[in-house]
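Below is one structure; the comments refer to it alone.
The values are calculated or read from the model by the stated rules, or taken from the named source; none is laboratory data. Just so it is clear, the model here is predicted, and its values are computed rather than measured. Cβ placement follows ideal geometry from the backbone for every residue including glycine, while neighbour counts extend to all protein chains displayed.
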């Protein structure tokens, strides 16, 4: 004989050791009786809104990476700026345009950005983007005290 939940007067009575989705505790990050959500779906970063963009929380991770870059992109002249090397993996970050940072903070930025991308993309991402470029080349410059990557159709 199988023990199955029984409904009486709108409430469920489950046999010992079993549960029904209406009796499971739930929270915004863990809906009732569902499998654990993928890290991309629950990704958060302080100061960034929890927003999707084609992939779960893609806008959130891009905001996080730009927030980190903002800590390392101050400059006084063009020679202060370099293009960082970041494997954006499933986020597509840093390919187009490259992340422009100051030369002295490049290593720290790359380390922090790589760790954040790994936290979002994990070993088995459920979604990814590669982005597309309107410009084949980029020049890294200092503009108004911040390093930027400007698109160009001619090689620097």
Checklist line | Qualifying position, being over 21 Å from residue 153 (Cα atoms), modelled with pLDDT of 95 or more and in contact with a helix residue (DSSP H, G or I) (Cβ under 7 Å, 6 or more places away or on another chain), among 103, 99, 70, 115 | finding: 103
Notebook entry, point to check: Just wondering, is there one or more residues in segment 97-108 that are within 26 Å of residue 42 (Cα to Cα) and touching a residue at least 12 places away in the same chain (Cβ under 8 Å)?
Noted result: yes
